[in-house]
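Shown next, in C-alpha cells, is the structure this report addresses.
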Amino acid sequence: MPLPIENYALIGDLHTGGLVGSDGSIDWLCLPRFDSASTFGALLGDHDAGRWLVAPSDAAATSTRRYVDDTFVLVTRWTTPTGVVEVTDLMPYGDRRADVVRRVTGVSGTVSMHVDLAIRFGYGTALPWVRQIPEGDETALVATAGPDAVVVRGPRLTATDHTHEATFDVSPGETIDLSLTWYPSHREPPAPLDVPAGIDETVAWWQEWASRCSAPEAYAPEVHRSLLILRALTNEDTGGIVAAATTSLPERFGGSRNWDYRYVWLRDASMTLQALILHGYAEEADRWRGWLLRAIAGDPADVQIMYGLAGERYLHESELGHLPGYDGASPVRIGNAAYQQYQGDIFGEVMVALHEARLLGVEESEYSWPLQRALMQYVEDNWTRPDNGIWEIRGELQHFTHSRVMIWAALDRAIKGIEQFGLDGPVDRWRRLRDEVRTEIETRGWNADRASFTQHYGTTEVDASLLQLPQVGFVAADDPRMLGTVAAIEHDLLEDGLLMRYRTESGIDGLDGAENPFLTCSFWLAEQYAASGRVDDAVALMDRLVGYCNDVGMLSEEIEVATGRHVGNTPQALSHLALVRAADAIGKAHDRG
C-alpha cells in the first residue's frame, strides 16, 4: 500500500521525476520522460506494480530527510538501534541519460541495509527478462521488456519470486553506491556512471540555477523551493512544463476524479512562465516561447489546451484496469481527453505571459509577434463560443465569465503590444472588440442581487476563478464589484477556511462525487486579500497554506482539511506558482506599509 502523498519527495533530471517515500521506496518513476509508462508504479497499486526500496533491515528504524540546499538531491538519515546511515537519492543532471543514484553512507555504528527491487515496465504490465552480466570483478543486473531496458549496479541482487533483493552492512565512513540506468533495449547497456562526479555536478547545477532567483522577503524559503519545483517540472530539451509529475492521484480519496497531469497545459505553463519571469528567469521564457511556437504551428484553429512534452497533439485517454489506483481510487487514467476541449481562457493566459516576457526584456524573435497575431485572429473569430472553462468541465458548455475575462485580457495585451512596443496590428478593431467584450461581461456576467460576478452567464453561482479578474487587470482588487464577488466566494466556497473551486453539487462539471479544497484557489484568495488591503487576513491564510507544505516543501493539488493530508497529483505546478504569486502580493502589501 502506498504512503500518504505528503510522505513523498521528488527527485528529477529535467526530463522526468521519481517519488521517493519516507520509507526509502521509489514508488513512482516513468522513464525516460514524465509521460512515459512507469517503471515503478507502486504508487497506483502495490509492490507488483514496481518499486525500489533501499532502507535499513530493522523495521524499527526511523528517518528524517532534507534536500541538499537548493537542489533535488535528497538525503535521508536513518537511525537504528545499531547505528546511523544516510541514503542520498538523485537523478544526475547533465549526463544526457536517465539515471537514478542511491548512495548509502555509514555515519555511526553498523547498519544492515535491505534492497527490494521490483522492475515492472509498461505501468506494471511487463515483467522483464532479467539476467546478470559480468562487469570486471562485479556483475550488473539487466532487465529488458519490449523497448525498455535498465541496468542496475551495486550489491549483487538475488531473485526471489519476481523480485530482486540484497542485504549488506554499512560501517562508519563506508560508501556503497547503487544505480539504475534506463536505455532503449536494442542498444548495449550504458557504461557505469561516475557517481561522485555526478553528485557534484548535479548539486552545482541546481545551486547555480537557484542563485539567480529573486524572492520576496516574505516567505522566501517557500518561494525559493516553489520556483525550484517549477523548474524541475520543465523539460530541459523542449521547454514544455508539465502540470505535475503523476497521474491519477485522486481529488478525493476513494473517488473517481483521477486525471493524468503529465502533460503541458497552455494555462499552467503560461502561469508558470510568469512566475519564473518575475523572479529572474528570462531564459526559461524564451525556451517556452519556442515550445509554444512549435506546438501550435500551423492553423490557429487547431490550437489545443494541452500538448505532450515535445508538443505531441494526440493524448488519447484510456483506463488501466489492472491497477487498483492510489489507495483503491480508480480508475487509473493515462492520457487526458481534455485535450479535445475548447477553453477560451487559454488565449488570455498565453498573451499575458508573452506580454510579461516582453516587458522584462526577453528578446523578440521574428516569429513571436506573428504567433500572437495568429492567436488573436482565432480569438476574434471564436470569442463568442461557449467553452469548457478553466476547470475542464465535462458537463454542458457554458459562457464562463472567467473565460470571457481572459478573452478580454488577450485583446488588452495585444493592444499593449502595439501601444507600448510599436508592433503592428489592427489596434482600432481590437480596441472596439475589447470594449464589446467588457460590456458583455459587465452585463451578462454580473448579478446585481448578489453584487457579484458569476461563474457563467445566467447563474447566481460563483467560482474561485473569478479571483483572477484583478490579476489580469480587468478590475482593481479593491473595486466594490470585486469586493462583492469575494464576499460571495467566501460565503459559497469556503470549507473550513480553505477554498473550493466551485460547488460540485451544482452539477456544473457533469461528474459524480465531490472534491477537496483546491490549494491554488486558496492562494489566490490570499493574494486578493493582500491586494485589497486585508493584509492580516492574507498573512493568516498564507501561514496556514504554507504549513501544508511537506517536510521538503512540496504541495499537491488539494488538501483534506480534516486530516491535513495532501490530495491529488503532486508536486502540482499550479499550487506552487500560486504560492509564489501570493507571497509576492503580501510582500508588496508590506512595502506599502
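Throughout, read-outs are computed from the coordinates displayed, never taken from laboratory work. Computed from a predicted model, the values in this text were never measured in an experiment. Note that each Cβ is placed from the backbone with ideal geometry, even for glycine, and that neighbours are counted across all protein chains shown.
For a quick check: with amide H placed at 1.01 Å from N, whose amide H comes under 5 Å from Val84's, ignoring anything fewer than 5 positions away on the same chain?
So Val84 has HN proximity to Val107, Ser108, Gly109.
Suppose the chain between Ala476 and Val68 were pulled fully straight at 0.36 nm per residue; how much longer would it get relative to their current alpha carbon spacing? Before the final figure, lay out each step's value.
Details: separation 408, 0.36 × 408 = 146.88 nm, distance 4.14 nm.
Extra length from Ala476 to Val68 when fully extended: 142.7 nm.
Where in the stretch 503-520 does the amide nitrogen come within less than 18 Å of the point 7 Å from the Cα of Glu319, taken along Cα to Cβ?
Backbone N within reach: 510-514.
Roughly how many nanometres apart are two label points built 7 Å out from the Cα toward the Cβ at Arg373 and Leu360?
It works out to 2.7 nm between the two label points.
What net charge do the residues around Val150 carry, taking every other residue with its C-beta under 14 Å from that of Val150, with Lys and Arg at +1 and Asp and Glu at -1?
Working: positive: Arg51, Arg97, Arg102, Arg120, Arg131, Arg153, Arg187; negative: Asp99, Asp148, Glu188.
Surrounding charge for Val150 is +4.
In whole Hz and in residue order, list the ³J(HN,Hα) couplings for the stretch 385-401 that follow from phi through the Karplus curve 6.51 cos²θ - 1.76 cosθ + 1.60, θ = phi - 60°; x for Gly and Pro.
Karplus-based 3J(HN,Hα) across the stretch 385-401 equals 5, x, 9, 8, x, 4, 8, 6, 4, 10, x, 5, 5, 9, 8, 6, 4 Hz.
Give, rounded to the nearest 20 debye, the magnitude of the charge dipole that the chain has about its Cα centre when Lys and Arg contribute +1 at Cβ and Asp and Glu contribute -1 at Cβ.
About 620 debye.
Once you sort the root eigenvalues of the Cα gyration tensor of the stretch 292-440 as a ≥ b ≥ c, which label holds: rounded (a/c under 1.5), prolate (a/b larger than b/c) or oblate (the other case)?
In terms of gyration-tensor shape, prolate.
Quick one: Val111, Val85, fewest Cβ neighbours within 10 Å first, how do they rank?
Fewest-to-most ranking of Val111, Val85: Val111, Val85.
For every other residue with a beta carbon closer than 10 angstrom to the beta carbon of Gly45, add +1 if it is Lys or Arg and -1 if Asp or Glu, then tell me the sum.
On the way: positive: Arg51, Arg120; negative: Asp27, Asp46, Asp48.
Cβ neighbours under 10 Å give a net charge of -1.
With θ taken as phi - 60° and the coefficients 6.51, -1.76 and 1.60, list the Karplus ³J(HN,Hα) couplings across the stretch 112-121 in order, rounded to whole Hz; mark glycine and proline as x.
Each residue's phi maps through the Karplus curve to give 7, 10, 10, 10, 10, 10, 10, 8, 9, 6 Hz.
Pulled fully out, how much extra length does the chain show between Ala191 and Arg592, if you take 0.36 nm times their separation in residues and subtract their Cα-Cα distance?
Fully extending the segment from Ala191 to Arg592 adds 138.6 nm.
Starting from the coordinates of the alpha-carbon atoms of the stretch 5-200, obtain the Kirkwood hydrodynamic radius over all distinct pairs and give the value in Å to one decimal.
16.7 Å is the Kirkwood radius here.
Mind checking the angle between helix 535-546 and the chain's longest principal axis? C-alpha axes, 0 to 90 degrees, to the nearest 10.
Approximately 30 degrees, to the nearest 10.
Estimate the FRET efficiency between Gln340 and Thr125 by the formula 1/(1 + (r/R0)^6), using the beta-carbon distance for r and 22 Å for R0, to the nearest 0.05.
Here the calculated transfer efficiency is 0.25.
What is the gain in length, in nm to one decimal, between Arg212 and Ser506 on full extension, counting 0.36 nm per residue of separation less the C-alpha to C-alpha distance? Mind dumping the intermediate values first?
Values: separation 294, 0.36 × 294 = 105.84 nm, distance 4.56 nm.
My answer for the length gained is 101.3 nm.
Report the net charge of residues surrounding Ala55, where surrounding means a beta-carbon distance below 11 angstrom and charges are Lys +1, Arg +1, Asp -1, Glu -1.
-2
What ³J(HN,Hα) values, in whole Hz, does the Karplus curve 6.51 cos²θ - 1.76 cosθ + 1.60 give for the stretch 436-451 when θ = phi - 60°, with x put for Gly and Pro?
With coefficients 6.51, -1.76 and 1.60, one gets 5, 5, 4, 4, 4, 4, 5, 9, 9, x, 10, 10, 5, 4, 8, 6 Hz.
First check a/c for the stretch 485-593, with a ≥ b ≥ c the square roots of the eigenvalues of its C-alpha gyration tensor; if it is under 1.5, answer rounded, and if not, answer prolate when a/b is larger than b/c or oblate otherwise. Write out the running numbers ahead of the final one.
Values: a/c = 2.13, a/b = 1.32, b/c = 1.62.
It comes out oblate by the Cα gyration axes.
Assuming R0 = 35 Å, what is the FRET efficiency of Thr443 and Ala297, from their Cβ-Cβ distance, to the nearest 0.05?
Details: r = 37 Å, r/R0 = 1.06.
Taking R0 as 35 Å, the efficiency between Thr443 and Ala297 is 0.40.
Amide H of Asn569: which non-local residues (sequence gap of 5 or more, or other chain) have their own amide H closer than 5 Å, using H built in the peptide plane?
Leu249, Glu557
Using the count of nearby Cβ atoms within 10 Å as a rough guide to exposure, how do His576, His114 rank from fewest to most?
The order, fewest Cβ neighbours first, is His114, His576.
Return the distance in nm (one decimal) between the two label points of a simple spin-label model at Ser112 and Thr160, each offset 7 Å from Cα along Cα→Cβ.
Result for the modelled spin labels: 1.1 nm.
Among rounded, prolate and oblate, which fits the stretch 212-592 when a ≥ b ≥ c are the square roots of the eigenvalues of its C-alpha gyration tensor, a/c under 1.5 means rounded, and a/b larger than b/c means prolate?
Taking the square roots of the gyration eigenvalues as a ≥ b ≥ c, the stretch 212-592 is rounded.
Using modelled backbone amide H atoms (1.01 Å from N, in-plane), which distant-in-sequence or interchain residues come within less than 5 Å of Ile26's amide H?
Gly21, Trp52, Leu53, Val54
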